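Participant: Please read through the structure below; I'll follow up with questions.
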Amino acid sequence: MTVENKRPYNIFLLIFLGVFVLVLLFVGVNIIWPIVGIDWKETFYPVARAVLDGKNPYSIPTFRNAPWTILPLLPFALLSEKIGGIAFFIATFVVYGWVAHRFKASPVALIAFLLPPPVFYGMRMLNVDILVLIGFVLPAPIGLFFVIIKPQMGIAMVVFWLVEAWRNGGVKEIFKTFFPVTLATLLSFILFGNWQAERQSDLPGSFWNASLWPWVIPIGLTLVMLSLRDRRKDYAISASPFLSPYLAYHSWAGVLLGFRTFAYTGINA
């Protein structure tokens, strides 16, 4: 069989294996569903359903993120809570792998990234950390919408993109980069009031807080300075969790992505 003849066969084999893995994931998550998806069940599914019903997303008290957080979740909310949650779990798994691939992770690094407890725990909780990771690989004007969904994971990237915009075109470039997200944020305040105030409930003393603040602030500041000096995006990605007084355990996954072990060291803005 020639190389040309093998190509369709290889593509078919990859598709078959991909579908097989997805089916296994669906069956497996279906079996353990009672202990999976706490944040999906208590927050994100109810919020998505509220939006689909034309209601205010902040009518769900546990929803504290930017209003556009819910938009990527709406297709999953068209399904039942369980089926939509399992589909979201599978999509989260796939996107974790896709983001690592975009950062040029080797096969070994990819597996190593998917196995550590923060990633595993994040998938169990079915939170929206994966949306922040997507933002890291998008162009700054779009990525900003994603990284501010959870500032405890993305605030250093905001600083990185601000400085890069200044270097690339001064005030004009800063305006082009930050105007869309600034406008959207102002409009969200008009529509929903000061939803940012709800973040104050995530106090450092919260039961869910896994932050090491303030002891690790020097690490965060060092990473920020190195990212700006060397124009290294991966350092900025890793910095935010070290600077946040509140951080859920699963949000440490951003640090894993940014560390050189998992990120392509040449990636930049």
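Participant: Out of the residues in region 74-86 that are surrounded by fewer than 21 Cβ atoms within 10 Å (Cβ to Cβ) and in contact (Cβ under 8 Å) with a residue 24 or more places away in the chain, which is nearest to the chain's Cα centre (by Cα)?
Facilitator: Restricting to residues being surrounded by fewer than 21 Cβ atoms within 10 Å (Cβ to Cβ) and in contact (Cβ under 8 Å) with a residue 24 or more places away in the chain, the top hit is Leu74.
Participant: Going through Ile38, Ile31 one at a time, which residue ends up being over 21 Å from the mean Cα position of the chain (by Cα), loosely packed, with under 14 Cβ neighbours inside 10 Å and farther than 14 Å from Ser188 by Cα?
Facilitator: From the options Ile38, Ile31, the qualifying one is Ile31.
Participant: For region 74-99, which residues satisfy the criterion of being touching a helix residue (DSSP H, G or I) at 6+ places or on another chain (Cβ under 8 Å), farther than 26 Å from Phe113 by Cβ and part of a helix (DSSP H, G or I)?
Facilitator: Leu74, Ala77, Glu81, Lys82
Participant: Are any residues in region 45-73 over 20 Å from Thr185 (Cα atoms) and assigned to a helix (DSSP H, G or I), and if so, which ones?
Facilitator: Tyr45, Pro46, Arg49, Ala50, Leu52
Participant: Return the residues of region 57-79 that are modelled with pLDDT under 95 and of a type in the set (S, T, N, Q); say none if nothing qualifies.
Facilitator: The answer is Ser59, Thr62, Asn65.
Participant: Within region 201-216, is there a residue that is modelled with pLDDT of 90 or more and either surrounded by 13 or more Cβ atoms within 10 Å (Cβ to Cβ) or of a type in the set (Lys, Arg) (or both)?
Facilitator: Yes; the residues of region 201-216 include at least one that is modelled with pLDDT of 90 or more and either surrounded by 13 or more Cβ atoms within 10 Å (Cβ to Cβ) or of a type in the set (Lys, Arg) (or both).
Participant: Oh, and also: Please specify each residue of region 226-256 satisfying the condition of being polar (S, T, N, Q) and either more than 21 Å from Lys104 (Cβ to Cβ) or not in a helix (DSSP H, G or I) (or both).
Facilitator: Within region 226-256, Ser240, Ser244, Ser251 meet the criteria.
Participant: State yes or no: is Trp68 closer than 18 Å to Ile130 by Cβ and in contact (Cβ under 8 Å) with a residue 60 or more places away in the chain?
Facilitator: For Trp68, the condition - closer than 18 Å to Ile130 by Cβ and in contact (Cβ under 8 Å) with a residue 60 or more places away in the chain - is met.
Participant: Follow-up. Check whether at least one residue in region 114-134 is in a loop (DSSP other than H, G, I, E, B) and among the polar types (S, T, N, Q), and report yes or no.
Facilitator: Scanning region 114-134, I find at least one residue that is in a loop (DSSP other than H, G, I, E, B) and among the polar types (S, T, N, Q), so the answer is yes.
Participant: Additional query: Looking at Ile31, Ile15, which is the one that is among the aliphatic types (A, V, I, L, M) and at pLDDT below 80?
Facilitator: Ile15
Participant: Anything in region 167-180 that is aromatic (Phe, Trp, Tyr) and either more than 12 Å from Ala140 (Cβ to Cβ) or not in a helix (DSSP H, G or I) (or both)? List them, or say none.
Facilitator: Selection gives Phe175 alone.
Participant: Restricting attention to region 100-110, does a residue exist that is buried (at least 18 other Cβ atoms within 10 Å of the Cβ), modelled with pLDDT of 95 or more, among the hydrophobic types (A, V, I, L, M, F, W, C) and in a helix (DSSP H, G or I)?
Facilitator: No - not one qualifying residue is present in region 100-110.
The values are calculated or read from the model by the stated rules, or taken from the named source; none is laboratory data. Not measured: the values here are computed from a predicted model. So basically every Cβ, Gly included, is an ideal-geometry build from the backbone, and we count neighbours across all protein chains shown.
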